[in-house]
1. Can you name every one of the strands (runs of 3 or more DSSP E) wholly within the chain that holds 3 or more residues which are touching a strand residue (DSSP E or B) at 6+ places or on another chain (Cβ under 6 Å)?
2. Has segment 42-55 got at least one residue that is surrounded by 12 or more Cβ atoms within 10 Å (Cβ to Cβ), of a type in the set (Asp, Glu) and modelled with pLDDT of 95 or more?
3. Provide a single number: the residues in segment 15-51 that are among the aliphatic types (A, V, I, L, M) and over 11 Å from the mean Cα position of the chain (by Cα).
4. Six or more apart or on different chains, Cβ atoms under 8 Å: show the pairs whose first residue is in segment 49-68 and under 18 Å from Glu33 (Cα atoms) and whose second is in a loop (DSSP other than H, G, I, E, B) and among the aliphatic types (A, V, I, L, M).
5. Can you name the residue in segment 15-35 that is free of Cβ contacts under 8 Å to residues at least 24 places away in the same chain and exposed (fewer than 15 other Cβ atoms within 10 Å of the Cβ) and, of all such residues, is nearest to Ile62 (Cα to Cα)?
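The values are calculated or read from the model by the stated rules, or taken from the named source; none is laboratory data. The structure displayed is predicted, hence computed values, not measured ones. Because the Cβ atoms are built from the backbone with ideal geometry, glycine has one as well, and the counts that use them run over all protein chains shown.
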Amino acid sequence: MLTLKEVVDRYSSLAKQGGEPVALEAFALDPEETIELFTSLDEDYHISRFVKFSFDRGRVYIISSNPSTHIQIDAEIRELL
(Lines give C-alpha, C1' and ligand atoms only; values in the text may rest on other atoms or scores of the structure.)
Protein backbone atom coordinates (compact mmCIF):
# COMPACT_ATOMS: atom_id res chain seq x y z
CA MET A 1 0.00 0.00 0.00
CA LEU A 2 1.21 3.51 -0.79
CA THR A 3 2.21 5.89 1.98
CA LEU A 4 0.54 9.29 2.32
CA LYS A 5 3.63 10.94 0.83
CA GLU A 6 3.52 8.59 -2.17
CA VAL A 7 -0.19 9.33 -2.69
CA VAL A 8 0.42 13.09 -2.53
CA ASP A 9 3.43 12.88 -4.84
CA ARG A 10 1.53 10.75 -7.36
CA TYR A 11 -1.47 13.10 -7.17
CA SER A 12 0.82 16.09 -7.77
CA SER A 13 2.32 14.45 -10.84
CA LEU A 14 -1.16 13.61 -12.24
CA ALA A 15 -2.93 16.92 -11.55
CA LYS A 16 -2.45 19.55 -14.23
CA GLN A 17 -3.00 22.24 -11.58
CA GLY A 18 -2.98 21.96 -7.81
CA GLY A 19 -6.36 21.05 -6.36
CA GLU A 20 -7.64 19.65 -9.66
CA PRO A 21 -9.69 16.41 -9.52
CA VAL A 22 -7.73 13.34 -10.59
CA ALA A 23 -9.34 10.04 -11.52
CA LEU A 24 -8.78 7.38 -8.88
CA GLU A 25 -8.09 4.99 -11.74
CA ALA A 26 -5.06 7.12 -12.72
CA PHE A 27 -3.23 5.94 -9.58
CA ALA A 28 -2.88 2.57 -11.37
CA LEU A 29 -3.68 0.40 -8.35
CA ASP A 30 -5.80 -2.72 -8.42
CA PRO A 31 -9.46 -2.07 -7.50
CA GLU A 32 -9.28 -3.60 -4.02
CA GLU A 33 -6.13 -1.67 -3.15
CA THR A 34 -7.68 1.56 -4.47
CA ILE A 35 -10.74 1.10 -2.26
CA GLU A 36 -8.71 0.14 0.81
CA LEU A 37 -6.15 2.93 0.44
CA PHE A 38 -8.53 5.79 -0.25
CA THR A 39 -11.07 4.63 2.34
CA SER A 40 -8.32 4.65 4.96
CA LEU A 41 -7.37 8.21 3.97
CA ASP A 42 -11.02 9.30 4.07
CA GLU A 43 -11.55 7.78 7.51
CA ASP A 44 -8.48 9.45 9.06
CA TYR A 45 -9.67 12.76 10.55
CA HIS A 46 -6.34 14.55 10.13
CA ILE A 47 -6.01 13.53 6.48
CA SER A 48 -9.65 13.71 5.38
CA ARG A 49 -9.73 17.48 5.94
CA PHE A 50 -7.44 17.83 2.91
CA VAL A 51 -8.99 15.15 0.69
CA LYS A 52 -12.25 15.41 -1.27
CA PHE A 53 -13.81 12.67 -3.36
CA SER A 54 -16.20 13.34 -6.22
CA PHE A 55 -18.32 11.45 -8.72
CA ASP A 56 -17.95 12.08 -12.44
CA ARG A 57 -17.28 9.97 -15.52
CA GLY A 58 -14.91 7.08 -15.15
CA ARG A 59 -14.33 3.94 -13.12
CA VAL A 60 -16.41 3.96 -9.95
CA TYR A 61 -14.95 2.91 -6.60
CA ILE A 62 -16.84 2.72 -3.31
CA ILE A 63 -14.87 4.90 -0.90
CA SER A 64 -16.28 4.98 2.64
CA SER A 65 -19.62 3.68 1.30
CA ASN A 66 -19.82 6.46 -1.32
CA PRO A 67 -19.43 5.99 -5.08
CA SER A 68 -16.38 8.02 -6.15
CA THR A 69 -14.40 8.47 -9.34
CA HIS A 70 -12.03 11.34 -8.57
CA ILE A 71 -9.98 12.81 -5.74
CA GLN A 72 -8.83 16.34 -4.96
CA ILE A 73 -6.02 16.90 -2.50
CA ASP A 74 -5.42 20.33 -0.99
CA ALA A 75 -1.80 21.51 -1.13
CA GLU A 76 -1.89 22.13 2.63
CA ILE A 77 -1.72 18.35 3.15
CA ARG A 78 2.05 18.66 2.75
CA GLU A 79 2.08 20.04 6.32
CA LEU A 80 1.33 16.48 7.49
CA LEU A 81 4.22 14.91 5.59
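1. 51-54, 70-73
2. Yes: one or more hits.
3. So the answer is 3.
4. Matching pairs, first to second residue: Pro67/Val60; Ser68/Val60.
5. Glu32
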